[in-house]
1. Could you tell me whether residue 286 is at negative phi, assigned by TED's automatic domain parsing to the domain that holds residue 396 and either of a type in the set (S, T, N, Q) or assigned to a strand (DSSP E or B) (or both)?
2. Looking only at the range 165-218, how many residues end up being touching a helix residue (DSSP H, G or I) at 6+ places or on another chain (Cβ under 7 Å) and modelled with pLDDT under 90?
3. Of everything in the range 45-66, what is in a loop (DSSP other than H, G, I, E, B) and at pLDDT 95 or above? Give them in sequence order.
4. Looking at the range 181-201, is at least one residue in a loop (DSSP other than H, G, I, E, B), in contact with a Leu (Cβ under 9 Å, 6 or more places away or on another chain) and of a type in the set (D, E, K, R)?
5. Say we look at the range 257-273 and pick out the residues that are among the aliphatic types (A, V, I, L, M) and crowded, with 17+ Cβ neighbours inside 10 Å; which of these is farthest from ligand 1 (Cβ to nearest atom)?
6. I need the full set of residues from the range 366-385 which are out of contact with any helix residue (DSSP H, G or I) (no Cβ under 7 Å at 6 or more places or on another chain), closer than 20 Å to residue 326 by Cβ and of a type in the set (D, E, K, R), in order please.
7. Being near ligand 1 (Cβ under 10 Å from one of its atoms) and without any contact (Cβ under 8 Å) to a residue 24 or more places away in the chain is the filter here; which residues of the range 247-256 pass it?
8. Return the residues of the range 172-198 that are crowded, with 18+ Cβ neighbours inside 10 Å and touching a strand residue (DSSP E or B) at 6+ places or on another chain (Cβ under 7 Å); say none if nothing qualifies.
Amino acid sequence: MFVDEIKVYARSGHGGKGAVAFTREAYRPKGGPSGGNGGRGGSVILEADHDLNNLIGQFYKPRLIADDGDQGGGKGMDGLAGKDLIVKVPCGTLVWKLPAPPETESAADTDDYNEDVPVDTADTTIPSAIKQRDLIRHSGRDRAVEVDLEAEEVPEKEPKKSPGAHGAPGEELVADLTTHGQQFLLCQGGRGGQGNRNFATAARQTPRFAQPGEAGDEGSYRFELRTIADVGLVGYPNAGKSTLLGAISRARPKVAPYPFTTLTPQVGIVEYPDFTRLTVCDVPGLIEGAHQNVGLGHAFLRHIERCKVLVILVDMAGTDNREPWDDYKKILNELALYDPDLVVRPHLVVANKMDEPAAAENLKKFKRRIPRTKVLPIAAAFDEGIEQFRKVIDAAVATATAKAEAAAAAAAASAPVVPAATARARDRRKTKPAA
Ligand SMILES: Nc1nc2c(ncn2[C@@H]2O[C@H](COP(=O)(O)OP(=O)(O)OP(=O)(O)O)[C@@H](O)[C@H]2O)c(=O)[nH]1
Ligand SMILES: [Mg+2]
């Protein structure tokens, strides 16, 4: 099972309470306060791990609860700290904090409501075949209200939508774990309380109180995996994406002549003679209306969001009477509807199935209809054009990386830099009292 999105509840440990204790031993009848401190609660920590490729671990354990700290003891003994809970997640996991649920109506409020409508004096009745009967009935403290289901409006079920590139409304992005070993403190453990020996003073030699421990953090989160790959393969189902991935890497995704063969993203590694590597991600096919959840919907597009280069693979043979130029436009449209940023991302157009008789004619028509787009013709199933494809994606990724680095350097250069000496002088001026 492939899990790339999961909601979890996380809670760190409660701090242990401080102890109230006094030393009594031979030759020290009034040894003074000796209550130890409570231990701190364990924290919930997320750690990125490159050996994982999906969030299945959290599917089976969606409640991430760390240990509480132990309470302090006598003789100055501090309580044991709660053990931190380290949760491994795949590299590329985004952590969204979900909004807190609205407060539910308390029992007291419900009682008030019932007081307003005294049960015994309620004169609302509905006719029945035998006799008039109460609309509101009760047995002991439990009361039931009869509801006319026909009159009630049943809200229409909305189709489940993916939260999109920027999360669902109300969600806040709190972490993005991209590199192996990177950690994020999701919930900080509560502090332990101080024991009474900390409160002894010359004037108060027998403090009979101690601090309680503090509660830890808690909250609901959504973990979302966005695969980290250099190149993303997108296209209609059956265009030959998996065949192409198998031809350029050692990945062996399932290939079959029916749509939606690939149900989960597949990542392959392309190796070059100079020992450089590229990661290529094949996502399930897209069709028109994917933004309305048609087919497998937009759910898997999150896996190509981080790709430096996109490859739009078009079935140039026009299988099932489809028109390649239409497929291309529809794919661009679906990408734009998911995230407009994806369309301006560098993308290559690759024409597959060029071994088929109709492909050459279709390619000519494609170039006529979409003139300014360069198309690379290949036949993935027969290894034709594969070597050139490997070179083209290598060059495109190198260009995209260089551009991104230049943009980052320009952004860093345009940020105002205050020399250290100037900053120190400014701070001195700020703190210096006026003469
Ligand atoms: N003639 C020909 N057939 C091809 C070529 N490449 C792929 N095919 C066939 O096209 C069919 C679909 O190939 P897949 O690689 O499964 O297509 P896909 O794009 O991964 O499809 P989904 O996983 O359903 O989205 C298979 O029967 C392949 O054998 C090609 O270059 N020429
Ligand atoms: Mg496939």
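1. On the way: at negative phi: yes; assigned by TED's automatic domain parsing to the domain that holds residue 396: yes; either of a type in the set (S, T, N, Q) or assigned to a strand (DSSP E or B) (or both): no.
Spelling it out, it is not the case that residue 286 is at negative phi, assigned by TED's automatic domain parsing to the domain that holds residue 396 and either of a type in the set (S, T, N, Q) or assigned to a strand (DSSP E or B) (or both).
2. The qualifying residues number 1.
3. So the first thing to find is which residues in the range 45-66 are in a loop (DSSP other than H, G, I, E, B), and the list is 50-55, 61-62, 66.
If the condition is that a residue be in a loop (DSSP other than H, G, I, E, B) and at pLDDT 95 or above, then 66 is the only one that fits.
4. No: the range 181-201 contains no residue that is in a loop (DSSP other than H, G, I, E, B), in contact with a Leu (Cβ under 9 Å, 6 or more places away or on another chain) and of a type in the set (D, E, K, R).
5. Selected residue: 270.
6. Start the filter on the range 366-385 by keeping residues that are out of contact with any helix residue (DSSP H, G or I) (no Cβ under 7 Å at 6 or more places or on another chain), which leaves 367-368, 371-374, 379, 382, 384-385.
Adding the requirement that they be closer than 20 Å to residue 326 by Cβ leaves 367-368, 371-374.
Correct list: 367, 368, 372, 374.
7. Within the range 247-256, the subset near ligand 1 (Cβ under 10 Å from one of its atoms) is 247, 253-256.
Answer for the range 247-256, where residues must be near ligand 1 (Cβ under 10 Å from one of its atoms) and without any contact (Cβ under 8 Å) to a residue 24 or more places away in the chain: 254, 255, 256.
8. Selection gives 175, 177, 186, 187, 196, 197.
The values are calculated or read from the model by the stated rules, or taken from the named source; none is laboratory data. On a predicted model such as this, the values are computed, not experimentally measured, just so you know. Here Cβ is always computed from backbone atoms with ideal geometry, including for glycine, and neighbour counts include all displayed protein chains.
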